[in-house]
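The values are calculated or read from the model by the stated rules, or taken from the named source; none is laboratory data. Computed from a predicted model, the values in this text were never measured in an experiment. Note: ideal-geometry Cβ built from the backbone for every residue, glycine included; neighbour counts use all protein chains shown.
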Amino acid sequence: MFHKRIKTLQHLLQYKNSAPLSRKAFSSRLVLGIETSCDDTGAAVLEENGFILGESLHSQKEVHLRTGGIIPTVAQQLHRENIERVVQEALERSGVTPNQLSAVATTVKPGLALSLGIGLDFSKRFVKEHNKPFIPIHHMEAHALTARMLQPISFPFLVLLISGGHSLLAVAQGVDDFLLLGHALDEAPGDTLDKVARRLSLTKHPRCSTMSGGQAIELLAKDGDRTRFPFKTPMGQTYDCCFSFAGLRNQITQTIMKKEAEEGVEQGTLLQCTNDIAAATQHTVACHLAKRTHRAILFCKANSLLPSDSPTLVVSGGVASNQYIRKTLTIITEETGLQLVCPPAKFCTDNGVMIAWNGVERLREGKGILSPDVNVCYEPKSPLGVDITTEVKAAAIRLPSVKIKIPN
């Protein structure tokens with residue numbers, strides 16, 4: 001198994017520069033994964049053992065940077081223009097024909113309705129044309145399971161999913177069996193970082209013009225003083241595992257307005273203290289995530305939800321690419337005796353590989369596999385698993401003091 005995982009990682013780095021594989025009989029079943037839940041059009045073909053045969057991804061990031069945020073109708077049109085090409089590229093790079101596929105897996109929930117619809121409509125036509133089984137995929141389930149493609153992680157494990165659209169804590173008990181411990185009450189951490197970056201006009205910064213908001217905040221924070229602006233960590237007196245970032249963003253906005261007045265500049269001008277605000281923002285977001293995760297770990301231990309031998313925390317989603325946040329969570333896992341597993345940054349953001357892998361996991365267990373003519377609808381809002389947030393809050397677990405000191 002270990003050698004298969006190494007082979008997978010090696011092939012991931014090499015396949016783009018290699019010739020397509022010959023169309024011979026493959027040793028295992030093959031799954032095509034299609035992802036269009038937000039602003040990335042992705043497709044990938046995987047073997048049942050997790051070997052990546054071919055992948056293609058079209059990112060809309062530069063377009064949405066110019067418009068100051070994701071406009072659903074624009075995202076929809078870009079998906080419509082690129083999905084056929086992206087799927088065809090993934091198939092050609094894999095050397096696989098549609099007839100050789102065992103199933104097609106596609107994100108159908110949650111996400112932007114207009115984006116989900118493009119991927120689902122394309123997939124419905126594809127599976128009917130080629131008479132292939134269809135596997136509807138929950139986007140957050142796919143993020144949660146991606147780490148199992150790269151290394152052996154047994155159920156159950158704790159998972160923290162953090163992105164531009166989502167934040168949640170859950171116990172993964174099986175491929176389609178989750179206990180939801182906490183979720184976003186307002187906006188997601190990635191959304192907060194992006195909005196702060198826009199308010200700071202970071203697209204005008206010479207080092208950040210082509211970066212997403214979260215990437216820009218992380219870069220500038222390295223040269224900032226996080227202690228200069230002591231933003232208050234949200235929900236300090238609420239003893240559950242849910243997340244809230246809207247109040248924090250309001251604190252930051254008020255600070256930015258105050259500094260603009262002090263420096264005598266208009267909104268849209270780069271502040272002299274931009275790096276310090278970025279550092280304080282990142283630190284406070286990281287602390288909030290760490291504290292809620294710490295409580296989730298203690299709740300799991302108190303209720304025997306994780307194995308006593310080598311319990312694991314998997315962190316995935318786009319915000320999991322932030323190295324400062326990873327280091328902050330490492331302090332918590334070391335304090336509580338958990339193993340921290342983060343997929344490579346390539347797999348933290350939305351991609352076709354994670355959807356195909358979720359399809360592989362479901363295909364293996366025979367769960368959620370539909371005939372090509374079954375009608376499926378997309379679901380823009382769809383919780384993950386069984387919600388036990390009320391039980392978590394009732395436990396009212398108070399956290400021991402843990403000092404989070406990380407060099408920028």
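Scan region 150-168 and give yes if some residue there is of a type outside the set (Phe, Trp, Tyr) and more than 23 Å from the chain's Cα centre (by Cα), otherwise no. No - not one qualifying residue is present in region 150-168.
Do we have Ser212 as in contact with a Pro (Cβ under 6 Å, 6 or more places away or on another chain), within 23 Å of His288 (Cα to Cα) and not acidic (Asp, Glu) here? First the steps, then the outcome.
On the way: in contact with a Pro (Cβ under 6 Å, 6 or more places away or on another chain): no; within 23 Å of His288 (Cα to Cα): yes; not acidic (Asp, Glu): yes.
Taking the combined requirement at face value, the residue does not satisfy it.
Within region 302-321, identify whether any single residue is farther than 19 Å from Gly174 by Cα, free of Cβ contacts under 8 Å to residues at least 12 places away in the same chain and out of contact with any Leu (no Cβ under 6 Å at 6 or more places or on another chain), and answer yes or no. No, region 302-321 has no match at all.
The residues on offer are Leu200, Leu248, Leu271, Leu219, and the sole one that is of a type in the set (A, V, I, L, M, F, W, C), within 30 Å of Ala396 (Cα to Cα) and not assigned by TED's automatic domain parsing to the domain that holds Gly68 is Leu248.
A count restricted to region 381-408 and to residues that are touching a residue at least 12 places away in the same chain (Cβ under 8 Å) and either in contact with a Lys or Arg (Cβ under 7 Å, 6 or more places away or on another chain) or among the β-branched types (Val, Ile, Thr) (or both) stands at 11.
Each row is one residue, and each column tells you yes or no for (1) in the same structural domain as Glu129 (by TED's automatic domain parsing); (2) closer than 29 Å to Lys204 by Cβ; (3) surrounded by fewer than 17 Cβ atoms within 10 Å (Cβ to Cβ).
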| residue | (1), (2), (3) |
| --- | --- |
| Ile70 | yes, yes, no |
| Thr73 | yes, yes, yes |
| Asn82 | yes, yes, no |
| Leu101 | yes, no, no |
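Between Ala296, Ala356, Ala290, Ala320, the distinction of being surrounded by 22 or more Cβ atoms within 10 Å (Cβ to Cβ), in the same structural domain as Val31 (by TED's automatic domain parsing) and of a type in the set (A, V, I, L, M) belongs to Ala356 only. For region 147-185, the set of residues classified as among the hydroxyl-bearing types (Ser, Thr, Tyr) and either in a helix (DSSP H, G or I) or buried (at least 24 other Cβ atoms within 10 Å of the Cβ) (or both) consists of Ser163, Ser167, listed by residue number.
Of all the strands (runs of 3 or more DSSP E) wholly in region 1-76, which have at least 2 residues that are of a type outside the set (D, E, K, R), modelled with pLDDT under 80 and within 22 Å of the chain's Cα centre (by Cα)?
none
If you take the residues in region 379-403 that are charged (D, E, K, R) and part of a loop (DSSP other than H, G, I, E, B), which one is surrounded by the most Cβ atoms within 10 Å (Cβ to Cβ)? Write out each step before concluding.
At the first step, the residues of region 379-403 found to be charged (D, E, K, R) are 379, 381, 387, 391, 393, 398, 403.
Pick out the ones that are also part of a loop (DSSP other than H, G, I, E, B) and you get 379, 381, 398, 403.
On the way: Glu379: 15, Lys381: 8, Arg398: 7, Lys403: 5.
Checking each candidate, the answer is Glu379.
Considering region 290-323 alone, what residues qualify as being of a type in the set (A, V, I, L, M), farther than 30 Å from Met211 by Cβ and in a helix (DSSP H, G or I)? Residues satisfying the conditions are Ala296, Ile297, Leu298, Ala302. Within the option set Pro230, Pro206, being over 25 Å from the mean Cα position of the chain (by Cα), of a type outside the set (Phe, Trp, Tyr), surrounded by fewer than 23 Cβ atoms within 10 Å (Cβ to Cβ) and within 23 Å of Leu65 (Cα to Cα) holds for one residue only, Pro206. For region 214-236, the set of residues classified as of a type in the set (A, V, I, L, M) and at pLDDT below 95 consists of Met235 only.
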